[in-house]
Amino acid sequence: MRYFVITGHKAATEASFKLDDLAGGAGRLDILCRCINSCFVMSHNLRRDAEIYLVLEGGDDAPKTVRIEGSTVRYLNPDERSTASLIRNALLKKVPADKEINSSPGVYISRMSFDDVIDKLAPLGSFVYLKEDGTDCRDFEFPENPIFVLGDNQDPTPEEEAKLYAQNPAKICVGPYSLHADHCMILIQNEMDRREAAVKGDSSAL
């Protein structure tokens, strides 16, 4: 399984935003929608071995976390607007403090904070922090069940980094330049795909 944790530091936690104003009124929800696309969408198919956690930290009702399972998600299309609609439908749900609510097939919402998400995922795999000063991903030995952690258009806060560093994460980068979070995800997925294909004997993957 591949896990991704993305923090939307200003992302809306209420459903009052307009679908044509994702970058403004929704607190850069457009970035998170592109990350969902990078996590799951392939040509004529979806990745079923992936799961994403979107930690929404904007507004008075923060935090909330939207979790999407590749194995069960439906109605996920490549465009940002319909993806944002799935998130907005999740935000319409009344979420108790200690429960996760299923809003549509494969989409769940809870009141988990960044710290809660890290604690939940810790037993499931190994954390990998995407950071500019990390090891080049081409020289990195990916663990089984990696848990990739990224910020949106802002780095994780010092408090979030402290929580993550307590898990002793590996640090990797995707190259010599800073890229958008969704682009980093595509490159990581591609690197892992190529290695998995090579193990299966597909020489064209190298």
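The values are calculated or read from the model by the stated rules, or taken from the named source; none is laboratory data. What you see is a predicted model; the values in this text were computed from it and never measured. Here the Cβ positions follow ideal geometry from the backbone for every residue, glycine too, while neighbour counts run over all protein chains shown. For the accessible areas, the whole protein counts, side chains as well, though only heavy atoms, and no ligand, DNA or RNA atoms are used. Shrake-Rupley method; radii C 1.70, N 1.55, O 1.52, S 1.80 Å.
Miscellaneous remarks
- Viscosity 1.567 mPa s, 4 °C: Kirkwood-radius Stokes-Einstein D of the chain over Cα pairs, µm²/s: 75 µm²/s
- Take every Cα pair under 8 Å whose residues are at least 6 apart in sequence, average their separation, divide by the length of the chain, and the relative contact order is 22 percent.
- Under the combined filter of DSSP loop state and at most 14 neighbouring Cβ atoms within 10 Å, region 17-86 retains these trypsin sites (Lys or Arg not before Pro): 18, 48, 74.
- When the listed pairs 94/171; 10/93; 18/171; 93/163 are checked against a 31 Å cut-off, the alpha-carbon distance exceeds it for 94/171; 18/171.
- For region 56-83, backbone nitrogen atoms closer than 19 Å to the point 7 Å from residue 200 Cα along Cα-to-C-beta are found at 70-72.
- The residues of the chain present an accessible area of 49 Å² per residue when probed at 1.4 Å with all protein chains retained.
- Label-to-label distance, nm, for residues given as residue 82 and residue 15 (7 Å Cα→Cβ offset): 1.9 nm
- Applying both filters, DSSP loop and at most 12 other Cβ atoms within 10 Å, to the GluC sites (Glu not before Pro) of region 126-158 gives 141, 144.
- Tilt relative to the chain, helix 80-91 - C-alpha long axis, 0 to 90 degrees, to 10: 60 degrees
- Computed over protein heavy atoms with a 1.4 angstrom probe, the accessible surface ordering of 177, 53, largest first, is 177, 53.
- About its Cα centre, the dipole of region 73-128 is roughly 300 debye, where the only charges are +1 on Lys and Arg Cβ and -1 on Asp and Glu Cβ.
- Fraction in percent of alpha-carbon pairs per bin - 5 Å, region 90-206: 2, 10, 17, 18, 19, 16, 10, 7, 2, 1, 0
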